[in-house]
Amino acid sequence: MPSGEAGSELAPDEAARLAARAGLPLAAARQDGVAAVANHIHSVVAVLRELDFGDTPPASAYQVGEDSRVAG
């Protein structure tokens, strides 16, 4: 993930390094869990990026509380 390679997974030590770089110290006991969650989120986002939204209008085309599109 951090190296930019498609399909590469974030290692626990890399999660700790990135957290420390962001000013968020990560205890050794949490590194495995944080890396696993980050990898899961990355895999979900990768699937979402592959979706074809085609003719789906942007959110701004809808008004809150209504099911109809804004004319325009």
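If I stretch the segment between L48 and R17 completely, what's the gain in nm (0.36 nm per residue apart, minus their alpha carbon distance), one decimal? Let's see the in-between values first.
Values: separation 31, 0.36 × 31 = 11.16 nm, distance 2.71 nm.
Extra length available between L48 and R17 comes to 8.5 nm.
Under the rule of at least 5 residues apart or a separate chain, name every residue whose amide H is placed under 5 Å from the amide H of Y62.
So Y62 has HN proximity to V70.
Determine ³J(HN,Hα), in whole Hz, for all residues of the stretch 56-65 in sequence, where each value follows from phi through the Karplus function 6.51 cos²θ - 1.76 cosθ + 1.60 and θ = phi - 60°; x replaces Gly and Pro.
So the Karplus estimates, Gly and Pro as x, are 5, x, x, 4, 5, 7, 10, 9, 4, x Hz.
I need the Kirkwood Rh of the stretch 6-66: take the reciprocal of the average 1/r across all distinct C-alpha pairs and report it in angstrom.
It works out to 14.3 Å.
A short reminder: the numbers here are calculations on the coordinates, not readings from a lab. None of these values were measured; they are calculated from a predicted model.
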